[in-house]
Amino acid sequence: MAAAAVDRKDFSQGSVLSCILRVAGPMTLALVINTLYNIVDRMYIGHIEGTGRLALTGLGLVFPITTAVSAFQALISSGGSPLFAIARGEGDTRRAETVLGNAYAMLLCLGIALTALGYLVKAPVLRAIGADDSTFPFADAYLSVYLPGTVFVLTSVGMNPFINAQGCAKTGMLTVLLGAVINLLLDPLFIFVLDMGVRGAALASVIAQFCSAVWVFAFLTRRTTLLRLRLPAMRPDFRLIGRMLALGVTGFTANVTSSLVSMLYNAELAALGGTLYVSAMTVINSLRELASMPFSGVANGAQPVISFNYGARRPDRVREAIRIMTLSCIVCTVSAWALLMLFPAFFTRIFNDDPVLLPVAARSIRLYFLLFPFMALQMAGQTVFTALGRAKAAVFFSLLRKAILVIPLAILLPRLANLGTDGVLLSEPVSDIVGGLACYLTMRLTVYRRLDAS
């Protein structure tokens, strides 16, 4: 029984498809749960009688700030988990546990620092990104309660990839499921029964993340875990930390640029169209999370398989994993795109049914997601670069799509040919096609070709 359990964690054995599915299945389900976890607040808040749309807009203004916090989680997890998986593939248990220990210590420190910083800058940042007198109270109330949970967010979400990289994807899924169930149960109690509004939504999230963080710590310290969290392994290894940060810059950059773009979108839309368009953008951000779940689950499931086989010197399996991941991502994005194009009003009503918002949100959704299928190519290319430790390429293509393309386009397009708010929204599909093709074709012409298929 024990030997069989270890074999299931060896990604160099069995069919590549089954290895990916073994990890991607639970991880995709975990992403579904995690996305519901993240957007359920918006679903409840948007239906508060009388103030629902303004409260929803307030949460939309908070979104880029929480995304920025997630960037620091990604800095450690997306940098540490590939190194952890490669060390496992090479059979270097000691180095793998050192990566694990250093990652956990860094997440704790970052969580404390970000909480303090958040309280110092939240008011001016919210004002700068479009909060006015009608929406600021909702955004500020949510963020004030949410910030103390930053440590729990970073350690629960940030350490989960290390559980998945050990082949324990079901345990990783349970991490998210635990928090999601608690959040789903507490949200209506705090928001409606206790009449706490947005503060209740934030408190429910903090309690849920605390429970998830405790679960992750308990799993990573128990005796039966394959690679455990040990106190000596938390001693800083600065060379290893440097490699972790260099590789993690990819995930960090993706989250930071997403945060900056969200802030820019909110500020531009507020200036050009008012809070109604910020409400529409809040719906779009929520739908993007939903639409990204399937292909993100596939990519995250394929990454440890690619990293492990790269470390185990099995290039044939690396190539096969890349092919399977790419095709799966394309199927997922095309399916999501079709649903969003056909039923934008239906998806808007999930968050708010204000008759003034519905037509604006439906048109905005169709513009924003116009070329969404090309995100499959971006995700496939980025995943391969990260899984194989190609930090510079991964960082460049992350910056290309969001920072180099979207930010200038979102500023220039509204002012060209009087495009207005449409110009802000159209910057996304332009970046999807240019960034997606550039990233994927570069990966195919460089990394993929150099892998020996024999």
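Quick one: angle between helix 238-273 and the longest Cα principal axis of the chain, in degrees between 0 and 90, rounded to 10, please.
Once rounded, the angle reads 20 degrees.
Rolling a 1.4 angstrom probe over the protein heavy atoms, how many square angstrom per residue are accessible across the chain?
For the chain, the solvent-accessible area averages 40 Å² per residue.
By accessible area of protein heavy atoms, probe 1.4 Å, what ranking do Thr51, Thr224 get, highest first?
Thr224, Thr51
So if R0 is 22 Å, what FRET efficiency would Arg235 and Glu90 give, r being the distance between their Cβ atoms, rounded to the nearest 0.05?
Calculated transfer efficiency: 0.55.
For Asp140, Asp41, give me the order by solvent-accessible area with a 1.4 Å probe, most accessible first, ignoring ligands, DNA and RNA.
Asp140, Asp41
Can you tell me how segment 234-355 classifies by the Cα gyration tensor, rounded, prolate or oblate, using a/c under 1.5 as the rounded cut?
In terms of gyration-tensor shape, oblate.
Based on the Cβ-Cβ distance from Leu419 to Phe136, what FRET efficiency comes out when R0 is 35 Å, to the nearest 0.05?
Calculated transfer efficiency: 0.80.
Compute, for Ile433, the solvent-accessible surface of its heavy atoms (probe 1.4 Å) with the complete set of protein chains present, and express it in square angstrom to the nearest 10.
50 Å²
Just need the Rg to Rh number for segment 158-197, please, alpha carbons only, Kirkwood Rh.
1.25
Quickly work out the Ile112-to-Met43 label distance, labels modelled 7 Å from Cα along the C-beta direction, and quote it in nm with one decimal.
A separation of 3.7 nm, rounded to one decimal place.
Listed highest first by mean packing, meaning other Cβ atoms within 10 Å per residue, what order do 376-389, 113-126, 89-102, 163-176 come in?
Sorting 376-389, 113-126, 89-102, 163-176 by mean packing, highest first, produces 376-389, 163-176, 89-102, 113-126.
At q = 0.11, 0.24, 0.26 Å⁻¹, work out log10 I(q)/I(0) for segment 176-254 with the Debye formula, treating every Cα as an identical point scatterer and leaving solvent out; two decimals please.
Those come out to -0.52, -1.00, -1.05, one per q.
What is the diffusion coefficient of segment 10-114 in µm²/s, taking the Kirkwood radius over Cα pairs and the Stokes-Einstein relation at 10 °C with a viscosity of 1.306 mPa s?
94 µm²/s
Would you mind checking the tilt of helix 275-311 against the longest principal axis of the Cα atoms of the chain, expressed as 0 to 90 degrees and rounded to 10?
0 degrees
Please tell me the relative contact order of the chain in percent, rounded to the nearest whole number, where contacts are Cα pairs under 8 Å and at least six residues apart.
With pairs under 8 Å counted, the relative contact order is 23 percent.
Give me the orientation-averaged projected area of the Cα convex hull of segment 256-308, in nm², one decimal.
4.3 nm²
Placing one identical point scatterer on every Cα of segment 383-454 and ignoring solvent, what is log10 I(q)/I(0) from the Debye formula at q = 0.13, 0.21 Å⁻¹?
Values returned for q = 0.13, 0.21 Å⁻¹ are -0.47, -0.84.
Quick one: pull the percentage of alpha-carbon pairs in segment 290-387 with a separation above 21 Å.
Here the long-distance tail beyond 21 Å is 44 percent of all Cα pairs in segment 290-387.
Kindly state, as a whole number, the per residue volume in cubic angstrom of the convex hull around the alpha carbon atoms of segment 162-311.
It is 170 Å³ per residue.
For Leu185 and Leu412 in the same chain, what is the full-extension length gain: residue separation times 0.36 nm, less their Cα-Cα distance, in nm?
77.3 nm
For helix 169-188, what angle does its Cα long axis make with the longest principal axis of the chain, in degrees from 0 to 90 and rounded to 10?
Roughly 20 degrees between the two axes.
Using square roots of five times the C-alpha gyration tensor eigenvalues, list the equivalent-ellipsoid semi-axes of segment 118-248 in whole Å, biggest first.
33, 21, 11
At q = 0.13, 0.28, 0.29 Å⁻¹, work out log10 I(q)/I(0) for segment 108-174 with the Debye formula, treating every Cα as an identical point scatterer and leaving solvent out; two decimals please.
Each listed q maps to, in turn, -0.51, -1.11, -1.15.
Taking θ as phi - 60°, what are the ³J(HN,Hα) couplings along segment 414-426 by the Karplus curve (6.51, -1.76, 1.60), each to the nearest whole Hz, with x for Gly and Pro?
Working through the residues one at a time gives x, 9, 9, 6, 6, 6, x, 5, 4, x, 4, 5, 6 Hz.
With an 8 Å Cα cut-off and a minimum separation of 6 or more residues, compute the relative contact order for segment 34-136 in percent.
Worked out over segment 34-136, it gives 30 percent.
Any chance you could list P(r) for segment 321-454, counting all Cα-Cα pairs in 10 angstrom bins from zero, rounded to whole %?
Taking all Cα pairs of segment 321-454, the binned fractions are 12, 34, 31, 17, 5, 1, 0 percent.
For segment 212-270, what is the convex hull (Cα atoms) projected area averaged across all directions, in square nanometres?
The orientation-averaged projected area of the Cα hull of segment 212-270 comes to 6.5 nm².
When the accessible area of segment 288-356 is computed with all protein chains present and a 1.4 Å probe, what percentage of it is carbon and sulfur?
Reported share for carbon and sulfur atoms: 67 percent.
In whole percent, and with a 1.4 Å probe on the protein chains, what portion of the accessible area of segment 82-185 is carbon and sulfur?
Of the solvent-accessible surface of segment 82-185, carbon and sulfur hold 70 percent.
Considering just Cα atoms, how many Å³ per residue does the convex hull of segment 58-98 enclose?
Cα convex hull per residue, to the nearest whole number: 57 Å³.
The values are calculated or read from the model by the stated rules, or taken from the named source; none is laboratory data. Everything numeric in this text was worked out from a predicted model, so none of it was measured. Cβ sites come from the backbone with ideal geometry, for glycine too, and all protein chains shown count toward neighbours. All accessible areas refer to the heavy atoms of the entire protein, side chains included, with ligands and DNA or RNA removed. Shrake-Rupley method; radii C 1.70, N 1.55, O 1.52, S 1.80 Å.
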